[in-house]
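One structure is given here, and the rest of the page talks about it.
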Amino acid sequence: MSGIAWALVALGIGVIVIRRRSIAVALVTAQAFVLAVAALAEGASADDVVAATALGVRGVVLAALFLFLVRRTRETRPVPVGVAPLARAAAAVTLALALIWLVPPFGLETHEAEQATLSLVALGLVTAAMRRATLFQVLGIVLVENGLALAALSLPGEPSLAIEIGVAVDLLLVALVAGVFHQRIFAEFGAGDTAALRSLRDS
């Protein structure tokens with residue numbers, strides 16, 4: 001599981017530094033499928049197979065939703081990055097190390113799983129905070145949720161089917177709402193750039 005956990009983190013770092021939305025979507029989708037494979041590999045009962053299937057379906061639905069949004073909201077020019085890729089990566093690593101140092105053990109099977117979970121949360125928070133493109137901010141939320149899914153898979157004993165399916169359904173709902181928000185911003189301003197929201201004023 002430790003190798004899988006750090007593979008998830010490596011994919012998350014790719015989302016931090018990459019510029020193209022389609023590649024970032026591919027990386028997050030790969031995370032979802034890695035989680036599904038991990039759940040299936042760790043599974044020993046019918047409930048585990050159901051949970052792994054739910055995670056796999058989640059990955060397919062998310063990929064379809066994000067690719068639909070990318071095609072429907074093609075940018076006439078790239079959204080300014082705001083913060084340089086290396087600076088974003090440095091901020092994410094710094095936050096991850098701070099969380100690992102500050103947060104006490106919270107009961108996962110291994111210390112590596114806890115570190116990877118906190119790292120994914122840090123990567124998601126930095127992505128949502130430092131990327132101006134709305135779709136990248138949605139992907140940041142997905143990174144955080146993937147960290148929670150990893151934590152659910154790394155609980156001692158038999159993983160809870162309700163927790164894993166709950167995480168999958170919760171993520172799909174959040175992604176759907178955020179996707180509608182992204183599309184409305186693009187329709188209004190012609191770009192998925194949150195900086196455009198600064199022009200809004202109360203009447």
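At the residue level, residue 100 shows approximately 40 square angstrom of accessible surface with a 1.4 angstrom probe and all protein chains present. With 0.36 nm allotted per residue and the present C-alpha distance subtracted, the residue 10-residue 111 stretch has 34.6 nm of extension available.
Approximating the spin labels as points 7 Å out from Cα along Cα→Cβ, the residue 60-to-residue 19 distance works out to 3.5 nm.
The values are calculated or read from the model by the stated rules, or taken from the named source; none is laboratory data. All values derive from a computational prediction rather than experimental measurement. As a convention, Cβ positions derive from the backbone with ideal geometry for all residues, glycine included, and neighbour counts pool all protein chains shown. Only protein heavy atoms, including side chains, enter the accessible area calculation; ligands, DNA and RNA are left aside. Shrake-Rupley method; radii C 1.70, N 1.55, O 1.52, S 1.80 Å.
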